[in-house]
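Read-outs: derived from the displayed coordinates by stated rules, not from any lab. The structure displayed is predicted, hence computed values, not measured ones. Here the Cβ positions follow ideal geometry from the backbone for every residue, glycine too, while neighbour counts run over all protein chains shown.
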Amino acid sequence: MIANYHTHTPRCKHASGSEREFVEKAIELGFSELGFADHAPMPLPKGLHPTNYITIGEMRMALEETDGYVNTLLDLRKEYERDIKIHIGFETEYYSSCFDNFLSFISDYPIDYLILGQHFGEVETVPLTYYGAQTSSEERLAGYVDLVIKGIESDKITYVAHPDLLAYRGDINVYERQMSRLIRSANEHRVPLELNLFGLFELRHYPNLAFWQIASDIGCDVVFGTDAHSPDMLLKPTALKYAEKLVESSPKLNLLEKIQFKPIR
Ligand SMILES: [Zn+2]
Ligand SMILES: [Zn+2]
């Protein structure tokens, strides 16, 4: 592994280790590129249910923290320019009422790329839909796929993080029908899908082998993302080996070691 584009910082409130520690660890591991994609600050509309502000807010940096995030990474980029290429990105969600405001908010900053990690449904929904929870509802599954497709169709998304985050426990044919839409849309817009090494290492419900079977049948571009929430998570050899085996045994999965960013302005 020579690059990782899915790295967090403590600003999201559930990661640890300084940006410098992540950078030094990546250099030690021999990475030539390190992309930070912390959970993006989100300009939420007024009038939401208070619980929704809290739930969405507590897993991401506040708007006021964006300066510190960007400036810290710009300084480190300069300091370590001989050793590693540092990219500044965000892991964003696609919320219909926020996405344009989000793009305009970050247009003041030198952001290199966005990845899409859709954890929640539309912000106005009460109670808020969390897609990591188990479900056998096709409506919920289709809602997730619709939001991811809207994100892809914005043409601002460099890749989709853990596309298989939704924990579906229903009919496999339904799953195939819905996830095929997501995969085909990604292909149409030349957006790679991430095989999430964090989920693999932690034995989470993703990567979901059923999803990757569908992806193997259709074919798609794949990128490994370590989704590191601490410096030691930047490389877990067992997870990487497993992911490599999965891709090697599926000729239609095209692994990209480095990726091209989609311009965001
Ligand atoms: Zn996270
Ligand atoms: Zn992440």
| remark: In the set PRO163, PRO192, the lone residue that is under 20 Å from GLU122 (Cβ atoms), in contact (Cβ under 8 Å) with a residue 40 or more places away in the chain and touching a strand residue (DSSP E or B) at 6+ places or on another chain (Cβ under 6 Å) is PRO163
| field | Residue check, ILE183 touching a strand residue (DSSP E or B) at 6+ places or on another chain (Cβ under 9 Å) and in a loop (DSSP other than H, G, I, E, B) | value | no
| task | With the condition kept exactly as written, say whether any residue in segment 16-31 is buried (at least 18 other Cβ atoms within 10 Å of the Cβ), in a loop (DSSP other than H, G, I, E, B), touching a residue at least 60 places away in the same chain (Cβ under 8 Å) and within 14 Å of ligand 1 (Cβ to nearest atom). | result | yes
| said: Among the residues of segment 35-60, what is the count of those that are more than 14 Å from ligand 2 (Cβ to nearest atom) and closer than 29 Å to GLU79 by Cβ? | reply: 1
| Do you know which residues across segment 191-203 are away from ligand 1 (no atom under 12 Å from the Cβ) and of a type in the set (D, E, K, R)? | GLU194
| note | Within segment 208-232, of all residues that are under 15 Å from the mean Cα position of the chain (by Cα) and within 16 Å of ligand 1 (Cβ to nearest atom), the one farthest from GLY17 (Cα to Cα) is GLY225
| Is at least one residue of segment 51-67 part of a strand (DSSP E or B), of a type in the set (D, E, K, R) and under 18 Å from the mean Cα position of the chain (by Cα)? | no
| message | Quick check on my filter: what residues within segment 214-242 are outside any helix (DSSP H, G or I), of a type in the set (Gly, Ala, Ser) and more than 14 Å from ALA161 (Cα to Cα)? | response | GLY219, SER230
| Any hit, segment 136-144, residues being farther than 18 Å from HIS6 by Cβ, within 16 Å of the chain's Cα centre (by Cα) and part of a helix (DSSP H, G or I) | yes
